[in-house]
Amino acid sequence: MTSTPALPGLHHCPPTPPVAVTPQVHEADVVVYGATSGGVTAAVRAARAGVTVVLLVHGDHIGGMSASGLGTTDVGRAETVGGLARRFYDRVAAAYHAPPPHWDVEARVAEEIFDSWLAAAGVRVHRRQRLTSVRCETGRIVELGTDDGTRYRAAVYVDASYEGDLMAGAGVSYTVGREAASTYGEPLAGVQHSVNHQFDRPVDPYVVPGQPASGLLPGIAPDPYGAVGDGDRRVQAYNFRLHVTTSPRRIPFPRPDGYDPGRYELLRRYIDAGVFELYGRTTRVRGDVFDMNNHGAFSSDHIGANYEWPEADHARREEIFQDHVRYQAGLLHFLANDPRLPAAVRDATREYGLAPAEFSDTAHWPHQLYIREARRMVSDYVITQHDGSGRTRADDPIALASYVMDSHNAKRVLLDGVVRNEGNVQHPLTVPLGIPYRSVVPRAAECANLLVASAISASHVAFASVRMEPVLMMVGEAVGAAAAQAAADKVGVQDVEYESLRKDLLRAGAILTWPPSVQGG
């Protein structure tokens, strides 16, 4: 892999200034690392409580996936969305002169809303700040350092990164990958037979058709399929959520630097077998702008290419990021232009192009890779499939999740000589599950002044529901309220009084129990 940009100006890690001779030291009551949607709501909520807040942005843009192409929101039950998350979608409705809430949003509109919130709350926003060091003393973070030499000191820290980098740097327990079914007694855990996004016609998997000695086509791993329920360290596939348009002003899908049409030979053969399903999950956001997501057996999900991401350093992530850009941009260029494909496929692909109003500084390509899952904290409460089935219920909820347990495929291998994707799970919740306060704080012996807003304590299966953007916004708000309370009361995050936090969240419009009518005051 190479870290050379696949498209002009598009980086996971934009260049940082040289390290200062005398590095700056910033102090605040609360430092939030990661300007995801949950990081923004955490920072805004804490600042509104009257404490000083610094928000550290990995690159140039804020809002995570909500402001980077995820235009059609995975909501679940709309009645479970409250607080700042609900107000965000109300603000979207106002921007579009539509009835509230409005769940579909263009990236630039989302970022404008988040920016306005941060400015109004007085949050200090520092961009291009990548974590390089964490210093802890007696079970507390006392300082974090970033790659330009800046240091940040706070009473309370929030890790709102999708990857859980600050959490890991502080020595907090975490896991990566899929638990075995036996770990928590979850039937959906570990290796799973995929029904959705699966090959439904046979395709020859070998470089030279019919000759196994010639090797497997790109995109097929030589790994064993595994037994259903086996655990591993694989994570569900990543992709970019593109804003595409049918407008006459659309930008043709670009040919990325390093384009290799050979990466798509498996897809070409699948199309020859009679299947072309690229646009099955391309859904309207507004007017002629669409959110293009993964769909089908071979699509924008770069299956098997992300296993190193959760624990990789910034340089390695840049390489993986660029590989994902090359894969997905190359896929679209291939479908639009390769002369070996049927004209109907090329014509259908060229009916769409990149939306010219979005991502103008990154070649109209989203700046955020869709990190559907990375590290996950292991704390005193691990949310599992049993929470989603109603068999267990937390007594300290701070938000609800209600979308299906939705995990994308984790690998593509051969099963009895046939190409199969593995790992897709799409299973509804029996009831909306409560996200407990205990799932966002580390074990008391590990770190007393850190809250986790994205990489929370949940099994792979349960996290597949928790990971949705409205949920992460609500968790972020709760974490911000708790951080402000811990800073003001000078207590560890594990000692924040839940009843006080609960009432605070309810006053702000949070939905904590299902049905909402039983919340109390």
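Pick from segment 167-196 the residues that are under 21 Å from Arg438 (Cβ atoms) and out of contact with any helix residue (DSSP H, G or I) (no Cβ under 8 Å at 6 or more places or on another chain): which of them is surrounded by the most Cβ atoms within 10 Å (Cβ to Cβ)?
Result: Met167.
Find all pairs meeting these conditions: Cβ atoms under 9 angstrom apart; at least six residues apart or on different chains; first residue within segment 249-276 and over 20 Å from Phe199 (Cβ atoms) and at pLDDT 95 or above; second residue assigned to a loop (DSSP other than H, G, I, E, B) and hydroxyl-bearing (Ser, Thr, Tyr).
Arg250/Tyr352; Phe253/Tyr352; Asp257/Thr2; Asp257/Thr4; Gly258/Thr2; Gly258/Thr4
Any idea which of Leu400, Leu451 is in contact (Cβ under 8 Å) with a residue 24 or more places away in the chain, within 27 Å of Ala154 (Cβ to Cβ), over 16 Å from the mean Cα position of the chain (by Cα) and crowded, with 24+ Cβ neighbours inside 10 Å?
Leu451
Looking for something of a type outside the set (Ser, Thr, Tyr) and free of Cβ contacts under 8 Å to residues at least 40 places away in the same chain - is there at least one such residue anywhere in segment 229-238?
no
Is it the case that Pro356 is assigned to a loop (DSSP other than H, G, I, E, B) and touching a strand residue (DSSP E or B) at 6+ places or on another chain (Cβ under 8 Å)?
Spelling it out, Pro356 is indeed assigned to a loop (DSSP other than H, G, I, E, B) and touching a strand residue (DSSP E or B) at 6+ places or on another chain (Cβ under 8 Å).
Mind checking which residues of segment 478-503 are in contact (Cβ under 8 Å) with a residue 24 or more places away in the chain, closer than 16 Å to Ile141 by Cα and in a loop (DSSP other than H, G, I, E, B)?
Listed by number, the residues that qualify are Lys490, Gly492.
Only residues that are modelled with pLDDT of 95 or more and among the aliphatic types (A, V, I, L, M): list them for segment 169-198, please.
Correct list: Ala170, Val172, Val176, Ala180, Ala181, Leu188, Ala189, Val191.
Among the residues of segment 293-307, is any in contact (Cβ under 8 Å) with a residue 60 or more places away in the chain, touching a Leu at 6+ places or on another chain (Cβ under 9 Å), surrounded by 16 or more Cβ atoms within 10 Å (Cβ to Cβ) and more than 26 Å from His193 (Cβ to Cβ)?
No.
Filter segment 504-521 down to the residues that are in a helix (DSSP H, G or I) and not small (Gly, Ala, Ser), then identify the one that is farthest from the chain's Cα centre (by Cα).
Val518
Would you check which residues across segment 318-361 are touching a His at 6+ places or on another chain (Cβ under 6 Å), surrounded by 21 or more Cβ atoms within 10 Å (Cβ to Cβ) and more than 16 Å from Gly262 (Cβ to Cβ) and list them?
Phe321, His324, Leu354, Ala355, Glu358
Of all residues in segment 53-93, which are without any contact (Cβ under 8 Å) to a residue 60 or more places away in the chain and surrounded by fewer than 24 Cβ atoms within 10 Å (Cβ to Cβ)?
Ala78, Asp90, Arg91, Val92, Ala93
Does segment 167-208 hold any residues that are more than 23 Å from the chain's Cα centre (by Cα) and free of Cβ contacts under 8 Å to residues at least 60 places away in the same chain, and which are they?
Result: Ala181, Ser182, Tyr206, Val207, Val208.
Consider only pairs whose beta carbons are under 8 Å apart and that are at least six residues apart or on different chains; among these, list those whose first residue lies in segment 372-394 and is within 19 Å of Gly423 (Cβ to Cβ) and whose second residue is hydroxyl-bearing (Ser, Thr, Tyr) and assigned to a loop (DSSP other than H, G, I, E, B).
That search, which allows pairs on different chains as well, returns Arg372/Tyr238; Ala374/Tyr162; Arg376/Ser457; Arg376/Ser459; Thr384/Thr392; Thr384/Ser459; Gln385/Ser459; Gly388/Thr430.
For segment 29-62, which residues satisfy the criterion of being closer than 19 Å to Asp148 by Cβ and either among the acidic types (Asp, Glu) or in contact with a Pro (Cβ under 6 Å, 6 or more places away or on another chain) (or both)?
Within segment 29-62, Gly59, Asp60 meet the criteria.
Considering only strands (runs of 3 or more DSSP E) fully contained in segment 392-452, which possess at least 2 residues that are under 30 Å from Ala508 (Cβ atoms)?
Of the strands (runs of 3 or more DSSP E) lying wholly inside segment 392-452, those with at least 2 residues that are under 30 Å from Ala508 (Cβ atoms) span 397-401, 405-407, 433-436, 450-452.
Determine if segment 141-159 includes at least one residue that is outside any helix (DSSP H, G or I), among the hydroxyl-bearing types (Ser, Thr, Tyr) and closer than 30 Å to Ser360 by Cβ.
yes
Need the failing condition index for Ser379 against (1) buried (at least 23 other Cβ atoms within 10 Å of the Cβ); (2) of a type in the set (S, T, N, Q); (3) within 17 Å of the chain's Cα centre (by Cα), just the number.
The failed condition is (3).
Taking segment 101-135 as the search range and keeping residues that are touching a residue at least 60 places away in the same chain (Cβ under 8 Å) and assigned to a loop (DSSP other than H, G, I, E, B), which one is surrounded by the fewest Cβ atoms within 10 Å (Cβ to Cβ)?
Gly122
So Ala98 passes all but one of these: (1) in a helix (DSSP H, G or I); (2) of a type in the set (Gly, Ala, Ser); (3) surrounded by fewer than 18 Cβ atoms within 10 Å (Cβ to Cβ). Which condition number does it fail?
Ala98 satisfies every listed condition except (1).
The values are calculated or read from the model by the stated rules, or taken from the named source; none is laboratory data. Everything numeric in this text was worked out from a predicted model, so none of it was measured. Counting neighbours? That spans all protein chains shown, and the Cβs are built from the backbone with ideal geometry, glycine included.
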